[in-house]
1. Take the alpha carbon atoms of the range A:1-58, find their center, do the same for the range A:227-275, and report the distance between the two centers in whole angstrom.
2. Which order do A:S120, A:S57 take when ranked by solvent-accessible area (1.4 Å probe, heavy atoms of all protein chains), largest first?
3. Using a cut-off of 14 Å between alpha-carbon atoms, which aspartates and glutamates can reach B:K83, once sequence neighbours fewer than 8 places away in the same chain are excluded?
4. Order these peptides, A:246-257, A:24-35, by their mean beta-carbon neighbour count within 10 angstrom, highest first.
5. What is the mean number of Cβ atoms from other protein chains located within 10 Å of the Cβ atom of each residue in peptide B:119-128, rounded to a whole number?
6. Calculate, in nm to one decimal, what A:D19 and A:S92 gain on full extension: separation in residues at 0.36 nm each, minus their alpha carbon distance.
7. What residues qualify as long-range amide H neighbours of B:W141, i.e. H under 5 Å apart, gap of 5 or more or another chain, H built at 1.01 Å from N?
8. Considering only C-alpha atoms, what is the centroid distance from the range B:52-110 to the range A:170-202, in Å?
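The values are calculated or read from the model by the stated rules, or taken from the named source; none is laboratory data. Everything quoted here is computed from the prediction, not taken from an experiment. Backbone-built Cβ (ideal geometry, glycine too); neighbour counts: all protein chains shown. Side chains are part of the model used for accessible areas, which takes the heavy atoms of the whole protein and leaves out ligands, DNA and RNA. Shrake-Rupley method; radii C 1.70, N 1.55, O 1.52, S 1.80 Å.
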Amino acid sequence: MLGIKIVMLNNLLSAFQEDFFLRALLALFLSGISAACLGSYIILRRMSFISTAMTHSILPGVVLAVLLGVSAYWGALIAALLTAAGIAWISSRKGSSEDSAIGVMLSVMFALGIAFMGLSHSWRDFTGLLFGSIVSVSSEDIAIILGTTFIVLLCLRLVHKELELASFDEEYAQLLGARPALLRSVLLILIALAAVACVRLVGALLTTALFIIPSTTGVLLGKNLKQVMFWSVICACGGGALGLFISYTFQGIPAGAAIVLGCAIPYFIIRIKNA
Amino acid sequence: MPTHTSHLRRLISEAFNNLLPAVPYAAPENASINDLAVEVKNLTVHVRPKSPAVFSGVNFEIPLQCRTALIGPNGSGKSTLLKTLAGLIPNYLGDVKLFGSKPRLGRSRIAYLAQSPQLNPDFPLQLKRLVEMGTYAHHGWFEECHHADEKVASALKLLELEDLVDRSVHNLSGGQLQRGLLARAAVQGAEILLLDEPFAALDTKSREIVENFLFHKNNSFTVIMATHDAADSKQFDRVLEIREGNLKTIHACAGHKNRHA
(Lines give C-alpha, C1' and ligand atoms only; values in the text may rest on other atoms or scores of the structure.)
Protein backbone atom coordinates (compact mmCIF):
# COMPACT_ATOMS: atom_id res chain seq x y z
CA MET A 1 0.00 0.00 0.00
CA LEU A 2 2.84 2.30 1.00
CA GLY A 3 4.65 1.33 -2.22
CA ILE A 4 1.65 2.37 -4.35
CA LYS A 5 1.45 5.68 -2.48
CA ILE A 6 5.16 6.38 -3.13
CA VAL A 7 4.78 5.52 -6.85
CA MET A 8 1.75 7.81 -7.15
CA LEU A 9 3.56 10.63 -5.36
CA ASN A 10 6.58 10.23 -7.63
CA ASN A 11 4.28 10.28 -10.65
CA LEU A 12 2.62 13.43 -9.38
CA LEU A 13 5.95 15.15 -8.84
CA SER A 14 7.23 14.16 -12.28
CA ALA A 15 3.93 15.28 -13.87
CA PHE A 16 4.38 18.75 -12.42
CA GLN A 17 7.82 18.93 -14.00
CA GLU A 18 6.38 18.37 -17.48
CA ASP A 19 5.53 21.51 -19.44
CA PHE A 20 2.72 19.86 -21.39
CA PHE A 21 1.07 18.64 -18.16
CA LEU A 22 1.12 22.10 -16.59
CA ARG A 23 -0.26 23.65 -19.79
CA ALA A 24 -3.00 21.02 -19.92
CA LEU A 25 -3.84 21.62 -16.24
CA LEU A 26 -4.06 25.39 -16.79
CA ALA A 27 -6.28 24.93 -19.85
CA LEU A 28 -8.45 22.49 -17.91
CA PHE A 29 -8.88 24.83 -14.93
CA LEU A 30 -9.74 27.80 -17.14
CA SER A 31 -12.28 25.97 -19.26
CA GLY A 32 -13.58 24.08 -16.21
CA ILE A 33 -14.43 27.41 -14.54
CA SER A 34 -16.40 28.77 -17.51
CA ALA A 35 -18.09 25.43 -18.29
CA ALA A 36 -19.10 24.92 -14.65
CA CYS A 37 -20.51 28.45 -14.20
CA LEU A 38 -22.48 28.24 -17.46
CA GLY A 39 -23.37 24.62 -16.70
CA SER A 40 -25.12 25.76 -13.51
CA TYR A 41 -27.52 27.84 -15.60
CA ILE A 42 -27.82 25.04 -18.19
CA ILE A 43 -28.88 22.53 -15.51
CA LEU A 44 -31.13 24.90 -13.58
CA ARG A 45 -32.88 26.07 -16.75
CA ARG A 46 -33.17 22.46 -18.01
CA MET A 47 -31.16 23.16 -21.16
CA SER A 48 -28.79 20.15 -21.02
CA PHE A 49 -29.43 19.33 -24.66
CA ILE A 50 -28.02 22.74 -25.65
CA SER A 51 -24.36 21.92 -24.96
CA THR A 52 -24.65 18.75 -27.08
CA ALA A 53 -26.12 20.84 -29.88
CA MET A 54 -23.36 23.46 -29.63
CA THR A 55 -20.51 20.98 -29.76
CA HIS A 56 -21.97 18.87 -32.57
CA SER A 57 -23.10 21.77 -34.71
CA ILE A 58 -19.55 23.15 -35.09
CA LEU A 59 -18.80 20.42 -37.67
CA PRO A 60 -19.64 22.46 -40.83
CA GLY A 61 -17.57 25.40 -39.52
CA VAL A 62 -14.55 23.21 -38.80
CA VAL A 63 -14.78 21.41 -42.17
CA LEU A 64 -15.08 24.68 -44.09
CA ALA A 65 -12.21 26.28 -42.11
CA VAL A 66 -9.93 23.29 -42.74
CA LEU A 67 -10.79 23.29 -46.44
CA LEU A 68 -10.19 27.04 -46.72
CA GLY A 69 -6.95 26.75 -44.75
CA VAL A 70 -8.00 29.10 -41.92
CA SER A 71 -8.00 28.44 -38.17
CA ALA A 72 -10.51 25.72 -37.21
CA TYR A 73 -11.30 27.76 -34.06
CA TRP A 74 -12.88 30.60 -36.02
CA GLY A 75 -14.85 28.20 -38.22
CA ALA A 76 -16.14 26.40 -35.12
CA LEU A 77 -16.99 29.68 -33.39
CA ILE A 78 -18.98 31.03 -36.34
CA ALA A 79 -20.88 27.75 -36.67
CA ALA A 80 -21.64 27.70 -32.92
CA LEU A 81 -22.81 31.33 -32.95
CA LEU A 82 -25.03 30.63 -35.97
CA THR A 83 -26.50 27.68 -34.07
CA ALA A 84 -27.12 29.89 -31.01
CA ALA A 85 -28.80 32.53 -33.17
CA GLY A 86 -30.91 29.86 -34.92
CA ILE A 87 -32.04 28.36 -31.61
CA ALA A 88 -32.90 31.81 -30.19
CA TRP A 89 -34.84 32.74 -33.33
CA ILE A 90 -36.77 29.47 -33.70
CA SER A 91 -37.66 29.26 -30.00
CA SER A 92 -38.96 32.84 -30.01
CA ARG A 93 -41.54 31.92 -32.72
CA LYS A 94 -44.98 30.83 -31.61
CA GLY A 95 -45.51 27.07 -31.51
CA SER A 96 -41.79 26.21 -31.22
CA SER A 97 -40.30 25.16 -27.92
CA GLU A 98 -36.61 25.66 -27.10
CA ASP A 99 -36.21 21.89 -27.05
CA SER A 100 -37.47 21.44 -30.61
CA ALA A 101 -35.41 24.46 -31.78
CA ILE A 102 -32.24 22.82 -30.41
CA GLY A 103 -33.13 19.50 -32.09
CA VAL A 104 -33.69 21.19 -35.46
CA MET A 105 -30.46 23.24 -35.37
CA LEU A 106 -28.33 20.31 -34.15
CA SER A 107 -29.53 18.03 -36.97
CA VAL A 108 -29.34 20.72 -39.68
CA MET A 109 -25.82 21.84 -38.76
CA PHE A 110 -24.48 18.30 -38.38
CA ALA A 111 -26.00 17.28 -41.74
CA LEU A 112 -24.51 20.42 -43.31
CA GLY A 113 -21.07 19.41 -42.03
CA ILE A 114 -21.40 15.94 -43.55
CA ALA A 115 -22.64 17.50 -46.82
CA PHE A 116 -19.58 19.82 -46.95
CA MET A 117 -17.27 16.86 -46.36
CA GLY A 118 -18.97 14.94 -49.18
CA LEU A 119 -19.07 17.88 -51.60
CA SER A 120 -15.37 18.54 -51.23
CA HIS A 121 -14.55 14.81 -51.63
CA SER A 122 -12.19 15.29 -48.73
CA TRP A 123 -12.97 12.92 -45.88
CA ARG A 124 -10.14 14.07 -43.70
CA ASP A 125 -9.43 12.69 -40.28
CA PHE A 126 -11.63 14.64 -37.89
CA THR A 127 -10.98 12.44 -34.85
CA GLY A 128 -9.21 15.42 -33.21
CA LEU A 129 -12.53 17.24 -33.35
CA LEU A 130 -14.39 14.32 -31.82
CA PHE A 131 -11.98 13.42 -29.03
CA GLY A 132 -9.83 16.55 -28.50
CA SER A 133 -6.21 16.58 -27.41
CA ILE A 134 -5.59 18.35 -24.13
CA VAL A 135 -1.96 17.26 -23.88
CA SER A 136 -1.07 19.09 -27.08
CA VAL A 137 -2.63 22.47 -26.22
CA SER A 138 -0.46 25.31 -27.47
CA SER A 139 0.10 28.76 -25.96
CA GLU A 140 -2.29 30.10 -28.60
CA ASP A 141 -4.99 27.66 -27.39
CA ILE A 142 -4.43 28.78 -23.79
CA ALA A 143 -4.73 32.42 -24.84
CA ILE A 144 -8.07 31.64 -26.55
CA ILE A 145 -9.35 29.72 -23.50
CA LEU A 146 -8.18 32.50 -21.14
CA GLY A 147 -9.94 35.14 -23.26
CA THR A 148 -13.11 33.03 -23.42
CA THR A 149 -13.16 32.44 -19.65
CA PHE A 150 -12.63 36.16 -19.01
CA ILE A 151 -15.52 37.12 -21.32
CA VAL A 152 -17.82 34.46 -19.83
CA LEU A 153 -17.10 35.45 -16.21
CA LEU A 154 -17.36 39.17 -16.96
CA CYS A 155 -20.73 38.79 -18.70
CA LEU A 156 -22.11 36.49 -16.00
CA ARG A 157 -20.98 38.97 -13.34
CA LEU A 158 -22.53 41.94 -15.12
CA VAL A 159 -25.96 40.38 -15.66
CA HIS A 160 -26.00 37.89 -12.79
CA LYS A 161 -29.01 39.37 -11.01
CA GLU A 162 -31.04 39.55 -14.22
CA LEU A 163 -30.05 36.00 -15.23
CA GLU A 164 -30.87 34.70 -11.75
CA LEU A 165 -34.25 36.43 -11.83
CA ALA A 166 -35.12 35.32 -15.38
CA SER A 167 -34.02 31.74 -14.64
CA PHE A 168 -36.20 31.54 -11.53
CA ASP A 169 -39.26 33.63 -12.47
CA GLU A 170 -39.35 34.59 -16.13
CA GLU A 171 -42.68 36.41 -15.89
CA TYR A 172 -41.51 38.66 -13.06
CA ALA A 173 -38.32 39.41 -15.01
CA GLN A 174 -40.50 40.39 -17.96
CA LEU A 175 -42.72 42.58 -15.75
CA LEU A 176 -39.69 44.44 -14.39
CA GLY A 177 -38.44 45.01 -17.94
CA ALA A 178 -35.38 42.74 -17.58
CA ARG A 179 -35.97 41.20 -21.05
CA PRO A 180 -35.65 37.44 -20.50
CA ALA A 181 -35.51 36.69 -24.27
CA LEU A 182 -32.42 38.91 -24.63
CA LEU A 183 -30.84 37.23 -21.60
CA ARG A 184 -31.48 33.79 -23.14
CA SER A 185 -29.66 34.91 -26.28
CA VAL A 186 -26.71 36.22 -24.22
CA LEU A 187 -26.55 32.89 -22.39
CA LEU A 188 -26.62 30.96 -25.69
CA ILE A 189 -23.75 33.06 -27.09
CA LEU A 190 -21.67 32.49 -23.94
CA ILE A 191 -22.36 28.74 -24.13
CA ALA A 192 -21.27 28.78 -27.80
CA LEU A 193 -18.01 30.56 -26.90
CA ALA A 194 -17.20 28.22 -24.00
CA ALA A 195 -18.18 25.07 -25.93
CA VAL A 196 -15.82 25.94 -28.80
CA ALA A 197 -12.97 26.54 -26.34
CA CYS A 198 -13.62 23.20 -24.59
CA VAL A 199 -13.80 21.15 -27.81
CA ARG A 200 -10.02 21.51 -28.29
CA LEU A 201 -9.47 19.91 -24.88
CA VAL A 202 -11.86 16.98 -24.57
CA GLY A 203 -13.47 16.84 -28.03
CA ALA A 204 -16.99 17.41 -29.30
CA LEU A 205 -18.32 14.15 -27.85
CA LEU A 206 -17.21 14.83 -24.28
CA THR A 207 -17.55 18.63 -24.00
CA THR A 208 -21.19 18.19 -22.98
CA ALA A 209 -19.94 16.26 -19.95
CA LEU A 210 -17.78 19.21 -18.78
CA PHE A 211 -20.88 21.43 -18.79
CA ILE A 212 -23.29 18.95 -17.29
CA ILE A 213 -21.60 16.61 -14.79
CA PRO A 214 -19.87 19.13 -12.43
CA SER A 215 -22.98 21.34 -12.40
CA THR A 216 -25.28 18.42 -11.67
CA THR A 217 -23.04 17.71 -8.66
CA GLY A 218 -23.13 21.42 -7.74
CA VAL A 219 -26.94 21.40 -7.75
CA LEU A 220 -26.88 18.52 -5.25
CA LEU A 221 -24.59 20.47 -2.91
CA GLY A 222 -25.65 24.13 -3.25
CA LYS A 223 -28.55 25.86 -1.53
CA ASN A 224 -28.43 28.89 -3.81
CA LEU A 225 -26.97 29.85 -7.18
CA LYS A 226 -23.64 31.06 -5.76
CA GLN A 227 -23.12 27.82 -3.86
CA VAL A 228 -24.14 25.74 -6.91
CA MET A 229 -21.55 27.57 -9.02
CA PHE A 230 -18.88 27.24 -6.33
CA TRP A 231 -19.32 23.47 -6.01
CA SER A 232 -19.58 23.06 -9.80
CA VAL A 233 -16.22 24.80 -10.27
CA ILE A 234 -14.62 22.70 -7.49
CA CYS A 235 -15.92 19.48 -9.07
CA ALA A 236 -14.89 20.50 -12.61
CA CYS A 237 -11.36 21.54 -11.62
CA GLY A 238 -10.77 18.86 -8.95
CA GLY A 239 -12.32 15.99 -10.90
CA GLY A 240 -10.70 17.14 -14.15
CA ALA A 241 -7.25 17.36 -12.54
CA LEU A 242 -7.70 13.88 -11.07
CA GLY A 243 -8.65 12.55 -14.51
CA LEU A 244 -5.66 14.24 -16.13
CA PHE A 245 -3.33 12.71 -13.55
CA ILE A 246 -4.87 9.26 -14.07
CA SER A 247 -4.36 9.62 -17.82
CA TYR A 248 -0.72 10.66 -17.19
CA THR A 249 -0.14 7.67 -14.90
CA PHE A 250 -1.92 5.07 -17.01
CA GLN A 251 -0.75 6.05 -20.48
CA GLY A 252 -3.35 3.98 -22.37
CA ILE A 253 -6.32 6.03 -21.12
CA PRO A 254 -7.13 9.04 -23.36
CA ALA A 255 -7.03 12.34 -21.41
CA GLY A 256 -10.51 13.50 -22.51
CA ALA A 257 -12.19 10.33 -21.29
CA ALA A 258 -10.20 10.31 -18.03
CA ILE A 259 -11.16 13.95 -17.31
CA VAL A 260 -14.85 13.23 -17.79
CA LEU A 261 -14.62 10.12 -15.60
CA GLY A 262 -12.75 12.18 -12.97
CA CYS A 263 -15.56 14.76 -12.99
CA ALA A 264 -18.13 11.97 -12.57
CA ILE A 265 -16.47 10.58 -9.41
CA PRO A 266 -17.77 13.31 -7.00
CA TYR A 267 -21.22 13.02 -8.58
CA PHE A 268 -21.48 9.28 -7.92
CA ILE A 269 -19.99 9.61 -4.43
CA ILE A 270 -22.67 12.17 -3.48
CA ARG A 271 -25.44 10.27 -5.22
CA ILE A 272 -24.55 7.05 -3.36
CA LYS A 273 -24.14 8.93 -0.05
CA ASN A 274 -27.56 10.59 -0.45
CA ALA A 275 -29.28 7.40 -1.65
CA MET B 1 -7.37 37.39 7.23
CA PRO B 2 -11.19 37.54 6.82
CA THR B 3 -10.96 41.37 6.84
CA HIS B 4 -8.43 41.30 4.01
CA THR B 5 -10.55 38.85 2.04
CA SER B 6 -13.72 40.91 2.42
CA HIS B 7 -11.79 44.09 1.55
CA LEU B 8 -10.45 42.44 -1.61
CA ARG B 9 -13.90 41.15 -2.47
CA ARG B 10 -15.37 44.63 -2.06
CA LEU B 11 -12.65 46.12 -4.27
CA ILE B 12 -13.28 43.56 -7.01
CA SER B 13 -17.05 44.07 -6.74
CA GLU B 14 -16.66 47.86 -6.97
CA ALA B 15 -14.34 47.50 -9.98
CA PHE B 16 -16.99 45.41 -11.75
CA ASN B 17 -19.77 47.80 -10.82
CA ASN B 18 -17.81 50.80 -12.07
CA LEU B 19 -17.08 49.05 -15.33
CA LEU B 20 -20.45 49.92 -16.79
CA PRO B 21 -22.91 52.52 -15.59
CA ALA B 22 -26.27 51.19 -14.44
CA VAL B 23 -28.94 51.32 -17.12
CA PRO B 24 -32.57 51.39 -15.93
CA TYR B 25 -34.85 48.65 -17.27
CA ALA B 26 -37.40 51.27 -18.31
CA ALA B 27 -37.67 55.06 -18.48
CA PRO B 28 -38.76 56.71 -15.20
CA GLU B 29 -42.37 57.85 -15.17
CA ASN B 30 -44.05 61.01 -14.03
CA ALA B 31 -46.27 61.20 -10.98
CA SER B 32 -49.98 60.75 -11.55
CA ILE B 33 -51.72 63.87 -12.81
CA ASN B 34 -55.05 63.13 -11.13
CA ASP B 35 -56.30 60.98 -8.29
CA LEU B 36 -57.11 58.06 -10.53
CA ALA B 37 -54.99 54.94 -10.36
CA VAL B 38 -56.60 53.21 -13.36
CA GLU B 39 -58.67 54.59 -16.25
CA VAL B 40 -60.06 52.21 -18.87
CA LYS B 41 -62.09 53.45 -21.86
CA ASN B 42 -63.65 51.24 -24.48
CA LEU B 43 -61.23 48.35 -23.91
CA THR B 44 -61.46 45.33 -26.21
CA VAL B 45 -59.02 42.43 -25.95
CA HIS B 46 -58.48 39.49 -28.29
CA VAL B 47 -56.01 36.96 -26.87
CA ARG B 48 -55.10 35.90 -30.43
CA PRO B 49 -55.50 38.10 -33.54
CA LYS B 50 -58.50 36.32 -35.10
CA SER B 51 -60.08 34.86 -31.96
CA PRO B 52 -63.33 36.33 -30.55
CA ALA B 53 -62.92 39.21 -28.08
CA VAL B 54 -62.59 38.13 -24.44
CA PHE B 55 -64.47 41.33 -23.55
CA SER B 56 -65.32 44.40 -25.57
CA GLY B 57 -66.05 48.08 -24.95
CA VAL B 58 -65.18 47.88 -21.24
CA ASN B 59 -65.11 51.17 -19.28
CA PHE B 60 -64.18 51.77 -15.64
CA GLU B 61 -62.12 53.96 -13.35
CA ILE B 62 -60.42 53.08 -10.10
CA PRO B 63 -59.42 55.87 -7.70
CA LEU B 64 -56.14 55.84 -5.81
CA GLN B 65 -56.06 53.49 -2.81
CA CYS B 66 -59.36 51.87 -3.75
CA ARG B 67 -59.58 48.12 -3.12
CA THR B 68 -61.47 46.59 -6.04
CA ALA B 69 -62.75 43.04 -6.46
CA LEU B 70 -63.09 41.68 -9.96
CA ILE B 71 -65.67 38.94 -9.94
CA GLY B 72 -67.06 36.67 -12.62
CA PRO B 73 -67.26 33.01 -13.59
CA ASN B 74 -64.27 30.99 -14.82
CA GLY B 75 -63.17 32.04 -18.30
CA SER B 76 -64.93 35.42 -18.12
CA GLY B 77 -61.68 37.32 -18.70
CA LYS B 78 -60.61 38.40 -15.18
CA SER B 79 -57.03 37.19 -15.68
CA THR B 80 -56.87 38.69 -19.18
CA LEU B 81 -57.96 42.08 -17.81
CA LEU B 82 -55.31 41.96 -15.06
CA LYS B 83 -52.60 40.91 -17.56
CA THR B 84 -53.60 43.75 -19.88
CA LEU B 85 -53.27 46.25 -17.03
CA ALA B 86 -49.88 44.72 -16.10
CA GLY B 87 -48.61 45.24 -19.66
CA LEU B 88 -48.34 41.52 -20.45
CA ILE B 89 -50.91 41.75 -23.28
CA PRO B 90 -49.71 44.58 -25.53
CA ASN B 91 -52.28 44.15 -28.32
CA TYR B 92 -55.58 45.64 -27.18
CA LEU B 93 -58.02 48.20 -28.54
CA GLY B 94 -59.12 51.22 -26.50
CA ASP B 95 -57.53 53.54 -24.02
CA VAL B 96 -55.96 52.20 -20.82
CA LYS B 97 -54.01 54.28 -18.33
CA LEU B 98 -52.38 53.45 -15.01
CA PHE B 99 -51.18 56.55 -13.16
CA GLY B 100 -51.77 58.45 -16.40
CA SER B 101 -49.58 56.23 -18.67
CA LYS B 102 -50.31 53.28 -20.90
CA PRO B 103 -49.61 49.78 -19.54
CA ARG B 104 -46.07 48.63 -20.32
CA LEU B 105 -43.42 46.39 -18.86
CA GLY B 106 -40.79 47.78 -16.51
CA ARG B 107 -43.06 49.76 -14.16
CA SER B 108 -41.97 49.43 -10.56
CA ARG B 109 -45.20 51.05 -9.30
CA ILE B 110 -47.27 48.12 -10.57
CA ALA B 111 -47.08 44.52 -9.33
CA TYR B 112 -48.91 41.54 -10.79
CA LEU B 113 -49.32 38.19 -9.08
CA ALA B 114 -50.47 35.32 -11.29
CA GLN B 115 -52.91 32.71 -10.01
CA SER B 116 -50.26 29.99 -10.43
CA PRO B 117 -46.82 31.66 -10.60
CA GLN B 118 -44.56 29.78 -13.02
CA LEU B 119 -41.48 29.49 -10.82
CA ASN B 120 -38.60 27.25 -11.90
CA PRO B 121 -38.96 24.21 -9.60
CA ASP B 122 -35.25 23.29 -9.99
CA PHE B 123 -33.82 26.68 -9.09
CA PRO B 124 -32.38 26.76 -5.55
CA LEU B 125 -33.57 29.96 -3.90
CA GLN B 126 -34.13 30.94 -0.31
CA LEU B 127 -37.13 33.01 0.74
CA LYS B 128 -34.98 36.03 1.64
CA ARG B 129 -33.51 36.13 -1.86
CA LEU B 130 -36.99 35.87 -3.40
CA VAL B 131 -38.14 38.91 -1.42
CA GLU B 132 -34.90 40.80 -2.23
CA MET B 133 -35.73 40.41 -5.94
CA GLY B 134 -38.33 43.14 -5.42
CA THR B 135 -35.49 45.66 -5.13
CA TYR B 136 -34.39 44.86 -8.71
CA ALA B 137 -37.21 47.13 -9.88
CA HIS B 138 -35.14 50.09 -8.68
CA HIS B 139 -31.77 48.83 -9.91
CA GLY B 140 -31.15 48.71 -13.64
CA TRP B 141 -28.80 46.58 -15.71
CA PHE B 142 -25.27 46.03 -14.29
CA GLU B 143 -26.25 47.53 -10.94
CA GLU B 144 -25.68 45.69 -7.67
CA CYS B 145 -28.44 45.84 -5.03
CA HIS B 146 -27.30 47.20 -1.69
CA HIS B 147 -28.93 48.35 1.53
CA ALA B 148 -32.19 46.48 1.03
CA ASP B 149 -32.00 44.55 4.31
CA GLU B 150 -34.32 46.86 6.27
CA LYS B 151 -36.97 46.93 3.54
CA VAL B 152 -36.82 43.15 3.18
CA ALA B 153 -36.98 42.58 6.95
CA SER B 154 -39.99 44.88 7.30
CA ALA B 155 -41.85 43.20 4.41
CA LEU B 156 -41.11 39.76 5.86
CA LYS B 157 -42.39 40.93 9.25
CA LEU B 158 -45.53 42.42 7.70
CA LEU B 159 -46.37 39.05 6.15
CA GLU B 160 -45.20 37.07 9.21
CA LEU B 161 -42.43 35.22 7.40
CA GLU B 162 -39.46 36.18 9.62
CA ASP B 163 -38.87 32.60 10.77
CA LEU B 164 -38.68 31.24 7.23
CA VAL B 165 -36.03 33.53 5.69
CA ASP B 166 -33.50 30.76 5.04
CA ARG B 167 -36.02 28.18 3.87
CA SER B 168 -35.95 27.11 0.23
CA VAL B 169 -38.95 28.55 -1.64
CA HIS B 170 -39.68 25.03 -2.86
CA ASN B 171 -40.23 23.88 0.74
CA LEU B 172 -42.81 26.58 1.46
CA SER B 173 -46.51 25.83 1.52
CA GLY B 174 -48.72 27.43 -1.14
CA GLY B 175 -49.87 30.07 1.36
CA GLN B 176 -46.34 30.88 2.56
CA LEU B 177 -45.15 31.24 -1.03
CA GLN B 178 -48.07 33.54 -1.85
CA ARG B 179 -47.14 35.69 1.17
CA GLY B 180 -43.50 35.67 0.02
CA LEU B 181 -44.55 36.96 -3.40
CA LEU B 182 -46.63 39.70 -1.76
CA ALA B 183 -43.60 40.62 0.37
CA ARG B 184 -41.61 40.91 -2.88
CA ALA B 185 -44.27 43.27 -4.27
CA ALA B 186 -44.03 45.34 -1.05
CA VAL B 187 -40.21 45.55 -1.36
CA GLN B 188 -40.69 46.53 -5.01
CA GLY B 189 -42.62 49.54 -3.70
CA ALA B 190 -45.63 48.73 -5.87
CA GLU B 191 -48.60 51.08 -5.50
CA ILE B 192 -51.04 49.13 -7.65
CA LEU B 193 -51.38 45.43 -6.84
CA LEU B 194 -52.98 43.31 -9.57
CA LEU B 195 -53.79 40.00 -7.88
CA ASP B 196 -55.22 36.97 -9.61
CA GLU B 197 -57.12 34.85 -7.06
CA PRO B 198 -54.53 35.20 -4.29
CA PHE B 199 -56.78 33.53 -1.70
CA ALA B 200 -57.09 30.29 -3.69
CA ALA B 201 -54.22 28.47 -1.90
CA LEU B 202 -54.51 30.08 1.53
CA ASP B 203 -55.50 28.50 4.82
CA THR B 204 -57.34 30.58 7.45
CA LYS B 205 -54.18 31.94 9.11
CA SER B 206 -52.44 32.89 5.84
CA ARG B 207 -55.64 34.46 4.58
CA GLU B 208 -55.91 36.59 7.71
CA ILE B 209 -52.31 37.78 7.31
CA VAL B 210 -52.83 38.60 3.62
CA GLU B 211 -56.11 40.42 4.31
CA ASN B 212 -54.42 42.43 7.01
CA PHE B 213 -51.66 43.31 4.54
CA LEU B 214 -54.03 44.29 1.74
CA PHE B 215 -56.77 46.05 3.70
CA HIS B 216 -54.89 47.64 6.60
CA LYS B 217 -55.58 51.36 6.73
CA ASN B 218 -51.84 52.16 6.98
CA ASN B 219 -51.12 50.46 3.66
CA SER B 220 -51.88 52.73 0.76
CA PHE B 221 -52.10 50.18 -2.05
CA THR B 222 -54.61 50.35 -4.85
CA VAL B 223 -55.73 46.74 -5.12
CA ILE B 224 -57.47 45.04 -8.04
CA MET B 225 -58.13 41.45 -7.13
CA ALA B 226 -59.75 38.77 -9.26
CA THR B 227 -61.92 36.33 -7.34
CA HIS B 228 -64.86 34.10 -8.12
CA ASP B 229 -65.93 33.80 -4.52
CA ALA B 230 -68.70 36.36 -3.94
CA ALA B 231 -68.03 36.20 -0.18
CA ASP B 232 -64.52 37.64 -0.76
CA SER B 233 -65.96 40.77 -2.29
CA LYS B 234 -67.67 42.05 0.88
CA GLN B 235 -64.55 43.68 2.27
CA PHE B 236 -63.76 45.61 -0.94
CA ASP B 237 -64.52 49.26 -1.66
CA ARG B 238 -65.69 48.47 -5.16
CA VAL B 239 -66.86 45.36 -6.98
CA LEU B 240 -66.67 44.96 -10.74
CA GLU B 241 -68.28 42.02 -12.44
CA ILE B 242 -67.24 40.61 -15.81
CA ARG B 243 -69.83 38.39 -17.43
CA GLU B 244 -70.24 37.36 -21.07
CA GLY B 245 -67.75 39.93 -22.34
CA ASN B 246 -69.24 42.91 -20.49
CA LEU B 247 -68.25 44.64 -17.29
CA LYS B 248 -70.54 46.29 -14.77
CA THR B 249 -69.97 47.99 -11.45
CA ILE B 250 -71.88 46.24 -8.67
CA HIS B 251 -71.04 48.65 -5.92
CA ALA B 252 -68.86 51.74 -5.91
CA CYS B 253 -66.39 53.11 -3.43
CA ALA B 254 -68.55 53.66 -0.33
CA GLY B 255 -66.17 51.69 1.88
CA HIS B 256 -63.28 53.43 0.22
CA LYS B 257 -64.55 56.84 1.29
CA ASN B 258 -65.14 55.62 4.84
CA ARG B 259 -61.66 54.16 5.09
CA HIS B 260 -59.93 57.31 4.02
CA ALA B 261 -62.23 59.75 5.77
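1. About 7 Å separates the Cα centre of the range A:1-58 from the one of the range A:227-275.
2. Values: A:S120 45, A:S57 0 Å².
Descending accessible area places them as A:S120, A:S57.
3. By straight Cα distance, B:K83 reaches A:E171, B:D196, B:E197.
4. The packing order, highest mean first, is A:24-35, A:246-257.
5. 6
6. On the way: separation 73, 0.36 × 73 = 26.28 nm, distance 4.71 nm.
Here the answer is 21.6 nm.
7. B:V23, B:Y25
8. Comparing the Cα centres of the range B:52-110 and the range A:170-202, I get a distance of 32 Å.
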